[in-house]
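Read the structure below first, then the notes.
The values are calculated or read from the model by the stated rules, or taken from the named source; none is laboratory data. Just so it is clear, the structure is predicted and the values come from calculations on it, not from any experiment. Virtual Cβ from ideal backbone geometry, glycine too; neighbours counted across all protein chains shown. SASA here: full protein model, heavy atoms, side chains in, ligands and nucleic acids out. Shrake-Rupley method; radii C 1.70, N 1.55, O 1.52, S 1.80 Å.
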Amino acid sequence: MTAISNEKRDINIISSPLQGFTDYRFRNLVNQHFGGIDTFIAPYIRFQGGMEIKKSYKNDLLPSHNEVKNLVPQVMTRDSKELLYVADYVKQLGYKELNWNLGCPYPMVAKRGMGSGLIKDFDKIDSILQTVSGEADLDISVKLRLGYESNQEILKLLPVLNNHKIKYLIIHPRIGKQLYKGDADLEMFEQCMEICDLPIVYNGDIDTVEKFVYLKQRFPHINHWAIGRSVISNPFLAGMIKTGSCQLPEDWTEQFKSFHEALFQSMSESLSGPGHLLIKMQSYWEYFSQMFSDAHKTYKIIRKAKSIDAYQQGVANILKQK
Ligand SMILES: Cc1cc2nc3c(=O)[nH]c(=O)nc-3n(C[C@H](O)[C@H](O)[C@H](O)COP(=O)(O)O)c2cc1C
């Protein structure tokens with residue numbers, strides 16, 4: 001553990017967004033109950049015809065809804081006008097940075113030349129960044145994968161990105177087509193570090209303190225680490241990485257219980273009706289269940305609940321048994 005404690009001042013943790021999960025209610029509560037995260041990136045804003053930002057995205061970014069110190073809005077687009085529109089919108093809300101998503105792997109998105117589907121179109125990215133850097137009055141950062149079809153796509157893009165004023169790149173070393181299958185490609189991440197002049201953030205599969213220590217030793221010059229799914233499946237992880245502890249706190253179930261109650265309360269105030277609330281809370285347990293010794297059985301207990309009462313009873317039983 002000395003590797004961590006000696007260098008912990010250099011460790012900066014970013015919460016990598018999960019659309020549908022890491023909204024402002026979740027972010028505020030994770031921050032209040034667990035700490036350890038330095039920056040949160042909000043799930044991407046996406047236009048669906050017309051230059052209008054959906055109310056749910058607006059709500060998510062309202063400064064009065066957000067208690068975390070550093071929040072970075074994100075956009076997914078292949079259109080410089082849309083990017084500039086969002087840049088202007090978030091600037092007016094007081095944000096100083098906008099993250100551009102070039103990483104989304106979903107075929108519906110990628111086939112339309114967005115997210116990881118845009119990586120191979122480096123001329124387009126170049127021209128969008130040229131327009132944006134001349135006109136947008138805030139920092140731009142980029143989150144990307146290695147490509148959509150091939151891990152070689154990023155090698156052509158990085159020299160283009162090197163010519164732009166980009167605050168940092170968050171690289172998730174998989175290709176879009178993989179979705180989340182297979183291992184993160186650490187050799188390719190290393191190659192990217194060699195040819196990239198911009199600050200790089202590592203993202204992908206940081207799910208235990210041991211994994212983090214391994215990655216930190218392998219990439220000693222990386223100081224910024226983005227964690228996605230494990231912010232939900234182990235909300236203690238960022239704090240554990242910061243303190244160098246490989247163990248969950250002794251009273252973790254009590255702490256988790258109090259977080260869960262607050263999340264349930266917050267969701268029940270804003271969602272429409274018990275059906276919606278039940279589905280939403282059940283969806284979190286796909287991740288929460290991984291903290292428990294039998295994750296499969298735990299998730300099954302939650303999934304079979306047909307009412308809010310049954311759900312609450314299921315949660316109580318899980319926390320009692322651990
Ligand atoms: C359900 C789901 C939704 C996601 N939504 C976003 C998103 O809105 N923006 C984004 O940049 N990444 C999104 N991601 C990707 C994660 O932020 C992260 O990059 C990815 O899961 C790899 O990191 P991890 O291994 O730490 O989870 C999403 C991932 C999942 C599973």
Test for residue 84: is it among the hydrophobic types (A, V, I, L, M, F, W, C), touching a residue at least 40 places away in the same chain (Cβ under 8 Å) and more than 16 Å from the ligand (Cβ to nearest atom): yes
Where a residue in the range 58-76 is on the phi < 0 side of the Ramachandran plot and exposed (fewer than 15 other Cβ atoms within 10 Å of the Cβ) and its partner, wherever it lies, is small (Gly, Ala, Ser) and assigned to a loop (DSSP other than H, G, I, E, B), with Cβ under 7 Å and at least six apart: 63/94
Pairs where the first residue, in the range 154-180, is open to solvent by less than 10 Å² (accessible area, probe 1.4 Å) and the second is of a type in the set (Phe, Trp, Tyr) and more than 13 Å from the ligand (Cβ to nearest atom), C-beta under 7 Å, 6+ apart: 157/122; 176/148
Search result, residues across the range 9-37 that are acidic (Asp, Glu) and within 15 Å of the ligand (Cβ to nearest atom): 23
Residue match in the range 188-200 (condition: among the aliphatic types (A, V, I, L, M) and either farther than 27 Å from residue 126 by Cβ or within 13 Å of the ligand (Cβ to nearest atom) (or both)): no
Tabulated pairs, the range 187-208, first open to solvent by 40 Å² or more (accessible area, probe 1.4 Å), second assigned to a strand (DSSP E or B), C-beta under 7 angstrom, 6+ apart or interchain: 193/200
Of all residues in the range 91-100 being open to solvent by less than 60 Å² (accessible area, probe 1.4 Å) and away from the ligand (no atom under 15 Å from the Cβ), the one that is nearest to residue 171 (Cα to Cα): 95
Candidate set from the range 39-52 (those that are within 15 Å of the ligand (Cβ to nearest atom) and assigned to a loop (DSSP other than H, G, I, E, B)); member that is least open to solvent (accessible area, probe 1.4 Å): 47
Hits in the range 101-119 - residues which are within 13 Å of the ligand (Cβ to nearest atom) and part of a loop (DSSP other than H, G, I, E, B): 103, 104, 105, 106, 114
Of the criteria (1) free of Cβ contacts under 8 Å to residues at least 60 places away in the same chain; (2) within 25 Å of residue 145 (Cβ to Cβ), which one residue 225 fails: (1)
Qualifying strands (runs of 3 or more DSSP E) (wholly inside the range 153-266; at least 2 residues being of a type in the set (Val, Ile, Thr)): 169-171, 200-203
Residue match in the range 209-228 (condition: open to solvent by less than 30 Å² (accessible area, probe 1.4 Å) and among the hydroxyl-bearing types (Ser, Thr, Tyr)): no
Residue 127 vs. criteria assigned to a helix (DSSP H, G or I), farther than 20 Å from residue 43 by Cβ and among the small types (Gly, Ala, Ser): yes
Those residues of the range 77-90 which are surrounded by fewer than 21 Cβ atoms within 10 Å (Cβ to Cβ) and touching a helix residue (DSSP H, G or I) at 6+ places or on another chain (Cβ under 8 Å), in sequence order: 78, 79, 80, 84
